[in-house]
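All remarks here apply to the structure that follows.
The values are calculated or read from the model by the stated rules, or taken from the named source; none is laboratory data. All values reported here derive from a predicted model rather than from experimental measurement. Positions of Cβ are generated from backbone atoms using ideal geometry, with glycine treated the same way; all protein chains shown enter the neighbour counts.
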Ligand SMILES: Nc1nc2c(ncn2[C@@H]2O[C@H](COP(=O)(O)OP(=O)(O)OP(=O)(O)O)[C@@H](O)[C@H]2O)c(=O)[nH]1
Ligand SMILES: [Mg+2]
């Protein structure tokens, strides 16, 4: 599930890490440590003779590699510090040298002092360049690439932009102390961005059912969505889900438009041993739903699940039909059933149903076959309605409650 989305995010983490922690950084960090060590001992040997030549020769050797570090504390120290008259003064004793080194280190934190023991440092490079901060330049191109990849993966534009901006805001300016920091920070930033996207106030369907049961009124749920998305199958799954918890549902066959729709629903109801209320093909869908509610009330059944058509003569007819059912039975929940595989289309359809009838939650089906994950990531954010369940297969038990933390775990790990 959502493998392609996961690949995009983990790829980005790797790319950012590689871009920021280059081989050169590691070389420089290692050189600094080696040079610092070797110079300290050579300076000590040459102490008595004040043999500046030895140090200068050594510096000449290392100069090309550490050119950019000339002005850092450690290099000016190793090179000898000139006073105002230009006279170069080298430390005379190892004590002097140590104290001067410490002053420089506290003044200029670009220079490295082991912060952790070598075994603590995951990269093994305990003298990593301190105070290297993540800059916009380091990540802009990679995040732009991610944005394009997300759009290709059917992630809605708003969602892709929101993720990129949030990650940028989190990463730019963050100081890196060790190699693993970049990976950790990027993973955290992505997790945070995605959690925020998925953080939509949700409805607890089970408590709604419990409350309805206590009140003696059935909980009425109407399922809407275009044809083939999985409404009928999902109703069979939801029946199974609630029956396992001791509820007794009634199903309304309010798709009276499509040939075979009533038979298909009857097949599932019979298999599950659930009461189905049906009229003839072409009958008024609202009247079927109304009868199902009356049946539930009369027989003390706790749940009415209304199947609806996915296609009518026109889309206007379809929406009018949904509005009529809504008017007649006043459902407690209208759930949009969308096919995850149709990506952006599914999101657009959700918007249309929301605008016309108003929806309370979403069930995304066929998530089991969905590699892209774009709809799952975007749909809730775009219409600001929660995903309640995911359909994850064709059998009656293939329904899972949707939890944002689970989704984040799936795609970032
Ligand atoms: N793999 C998989 N297939 C699903 C899932 N949900 C539904 N399907 C399949 O999708 C197809 C269409 O499902 P239906 O339940 O008939 O869809 P519908 O929305 O009622 O379609 P209409 O009645 O034409 O509006 C069927 O073959 C289902 O088995 C799911 O979660 N995973
Ligand atoms: Mg159907």
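May I ask you to say which residue of 205, 306 is more than 16 Å from ligand 1 (Cβ to nearest atom) and buried (at least 21 other Cβ atoms within 10 Å of the Cβ)?
Values: 306 fails: more than 16 Å from ligand 1 (Cβ to nearest atom).
Answer to the selection: 205.
Every listed requirement among (1) over 24 Å from residue 244 (Cβ atoms); (2) in contact (Cβ under 8 Å) with a residue 40 or more places away in the chain is met by residue 361 save one, (1). For region 350-376, the set of residues classified as more than 19 Å from the chain's Cα centre (by Cα), within 16 Å of ligand 1 (Cβ to nearest atom) and in a loop (DSSP other than H, G, I, E, B) consists of 357, 359, 366, listed by residue number.
Matching residues to (1) surrounded by fewer than 21 Cβ atoms within 10 Å (Cβ to Cβ); (2) at positive phi; (3) within 14 Å of ligand 1 (Cβ to nearest atom):
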residue	(1), (2), (3)
238	no, no, yes
244	yes, no, no
249	no, no, no
267	yes, no, yes
277	no, no, no
281	yes, no, yes
284	yes, no, no
287	yes, no, no
298	yes, no, no
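Flag set for residue 273, criterion: out of contact with any strand residue (DSSP E or B) (no Cβ under 7 Å at 6 or more places or on another chain) and more than 24 Å from residue 362 (Cα to Cα).
Filter region 7-17 down to the residues that are under 13 Å from the mean Cα position of the chain (by Cα) and closer than 20 Å to residue 180 by Cβ, then identify the one that is surrounded by the fewest Cβ atoms within 10 Å (Cβ to Cβ).
Residue satisfying both the conditions and the ranking: 10.
Provide a single number: the residues in region 142-169 that are farther than 16 Å from residue 378 by Cβ and surrounded by fewer than 18 Cβ atoms within 10 Å (Cβ to Cβ).
We begin by selecting, within region 142-169, every residue farther than 16 Å from residue 378 by Cβ; these are 142-145, 167-169.
Pick out the ones that are also surrounded by fewer than 18 Cβ atoms within 10 Å (Cβ to Cβ) and you get 144-145, 168-169.
Residues in region 142-169 being farther than 16 Å from residue 378 by Cβ and surrounded by fewer than 18 Cβ atoms within 10 Å (Cβ to Cβ): 4 in total.
As a summary of the residue check, residue 233 satisfies the conditions (1) modelled with pLDDT of 95 or more; (2) over 13 Å from the mean Cα position of the chain (by Cα); (3) more than 29 Å from residue 319 (Cα to Cα); (4) crowded, with 16+ Cβ neighbours inside 10 Å except for the one numbered (3).
Would you point out which residue out of 379, 325 is more than 23 Å from the chain's Cα centre (by Cα), at pLDDT 95 or above and part of a helix (DSSP H, G or I)? Let's see the steps before the verdict.
Details: 379 fails: more than 23 Å from the chain's Cα centre (by Cα).
Of 379, 325, the one residue that is more than 23 Å from the chain's Cα centre (by Cα), at pLDDT 95 or above and part of a helix (DSSP H, G or I) is 325.
Flag set for residue 393, criterion: near ligand 1 (Cβ under 10 Å from one of its atoms), at pLDDT 95 or above and touching a helix residue (DSSP H, G or I) at 6+ places or on another chain (Cβ under 9 Å). Please indicate, with yes or no, whether at least one residue in region 260-273 is over 37 Å from the mean Cα position of the chain (by Cα), within 15 Å of ligand 2 (Cβ to nearest atom) and part of a loop (DSSP other than H, G, I, E, B). Yes, the conditions are met somewhere in region 260-273.
If a residue counts only when it is away from ligand 2 (no atom under 16 Å from the Cβ), within 30 Å of residue 308 (Cβ to Cβ) and touching a residue at least 60 places away in the same chain (Cβ under 8 Å), which helices (runs of 4 or more DSSP H) contained entirely in region 121-236 have at least 3 such residues?
Details: elements: 136-152, 157-171, 179-198, 205-215.
Per the criteria, 205-215.
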